[in-house]
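Peer 1: Submitted below is the structure of interest, expressed as structure tokens.
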Amino acid sequence: MVAPLKAEFHFDFGSPNAYLAELALPPIEQRTGVKFDYVPVLLGGVYKATGNLSPAEALHGIRNKPEYNALETERFLRRHSITKFRSNPFFPVNTLMLMRGVVAAEFEGLFEPYFRAAYHHMWVEPKKMDDPQVFRDAFAASGLDIDRIIARAQQDDVKKKLIENTNNAVERGTFGSPTFFVGKEIYFGKDSLRDVEEEIVAQSSAAQRKTA
């Protein structure tokens, strides 16, 4: 029996490009019938392990490139009819609390509501989500039992899981966010989504031929 095709979306809430890319995943899932596994990683840990820089740092002082980067983002928004996105004025935000929180929420069976609330408060109604009180108030306003999640996020198994996810991602080739895996194939950036979908279709077709 052929194992089901595994497609993964590796994310950190601090990446606006990961937020935008995720909004484009449901149509890909509908067209291909393949569901993405959502894998939280700590982008700061990825950068440290790979020697990479955030886009803001990498683009600083370069003439024309930041402007083109903004233009490309506008094109992506139009292409995917994305209307709920605002730049976070507190960017960059330290996402350690957010990312431990999403692992804790997953362990507690609250991944989806936490995930949606986190992205909402980062990129729809942006807040300084590395401020503990702002963090607590934002999630409470979204209806989550955030004190339960905060307490769970302090447990060693949560911290260990986030570290393992991050280290495993780096070992597989990750250097930034968003990163996608289709089987063993790696793709980086929101502009690789067409290639991601084509790879899903190609691998799915190959698997069907093997079972025919």
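The values are calculated or read from the model by the stated rules, or taken from the named source; none is laboratory data. Keep in mind it's a predicted model, so treat the numbers as computed, not measured. Don't worry about glycine lacking a Cβ; one is built from the backbone with ideal geometry, like all the others, and counts go over all protein chains shown.
Peer 1: So which of Leu5, Leu42 ends up being of a type in the set (A, V, I, L, M, F, W, C), at pLDDT 95 or above and either in contact with a Leu (Cβ under 6 Å, 6 or more places away or on another chain) or surrounded by 15 or more Cβ atoms within 10 Å (Cβ to Cβ) (or both)? So that I can check it myself, show each step before the final result.
Peer 2: Working: Leu5 fails: at pLDDT 95 or above.
Criteria check complete, one pass: Leu42.
Peer 1: Further question on the same structure: Within region 168-199, track down each residue that is within 14 Å of Leu5 (Cβ to Cβ), under 19 Å from the mean Cα position of the chain (by Cα) and buried (at least 19 other Cβ atoms within 10 Å of the Cβ).
Peer 2: Within region 168-199, the first condition is being within 14 Å of Leu5 (Cβ to Cβ), and the residues that meet it are 180-185, 196-199.
From the residues that got through so far, the ones that are under 19 Å from the mean Cα position of the chain (by Cα) too are 180-185, 196-197.
The answer is Phe180, Phe181, Val182, Val196, Glu197.
Peer 1: I've got another one for you. Does any residue of region 21-41 turn out to be assigned to a helix (DSSP H, G or I), of a type outside the set (Gly, Ala, Ser), under 16 Å from Tyr119 (Cα atoms) and touching a strand residue (DSSP E or B) at 6+ places or on another chain (Cβ under 7 Å)?
Peer 2: Looking through region 21-41, at least one residue is assigned to a helix (DSSP H, G or I), of a type outside the set (Gly, Ala, Ser), under 16 Å from Tyr119 (Cα atoms) and touching a strand residue (DSSP E or B) at 6+ places or on another chain (Cβ under 7 Å).
Peer 1: What pairs come up if the first residue lies in region 49-75 and is in contact (Cβ under 8 Å) with a residue 12 or more places away in the chain and outside any loop (DSSP other than H, G, I, E, B), the second is of a type in the set (A, V, I, L, M, F, W, C) and surrounded by 11 or more Cβ atoms within 10 Å (Cβ to Cβ), and their beta carbons are under 7 Å apart, counting only those six or more places apart or on different chains?
Peer 2: Close Cβ pairs (under 7 Å, with a partner that is of a type in the set (A, V, I, L, M, F, W, C) and surrounded by 11 or more Cβ atoms within 10 Å (Cβ to Cβ)) amount to Ala49/Val170; Thr50/Val170; Thr50/Phe175; Asn69/Leu59.
Peer 1: Another question about this same structure. Looking at (1) part of a loop (DSSP other than H, G, I, E, B); (2) under 19 Å from Lys190 (Cα atoms), which is the one condition that is false for Asn94?
Peer 2: (2)
Peer 1: May I ask you to list pairs of residues, at least six apart or on different chains, whose Cβ atoms are under 7 Å apart, with the first in region 173-186 being free of Cβ contacts under 8 Å to residues at least 60 places away in the same chain and the second being in a loop (DSSP other than H, G, I, E, B)?
Peer 2: Matching pairs, first to second residue: Ile186/Arg172; Ile186/Gly173.
Peer 1: All but one of (1) under 16 Å from Phe9 (Cβ atoms); (2) charged (D, E, K, R); (3) in contact (Cβ under 8 Å) with a residue 24 or more places away in the chain hold for Asp157; state the number of the condition that does not hold.
Peer 2: Asp157 satisfies every listed condition except (1).
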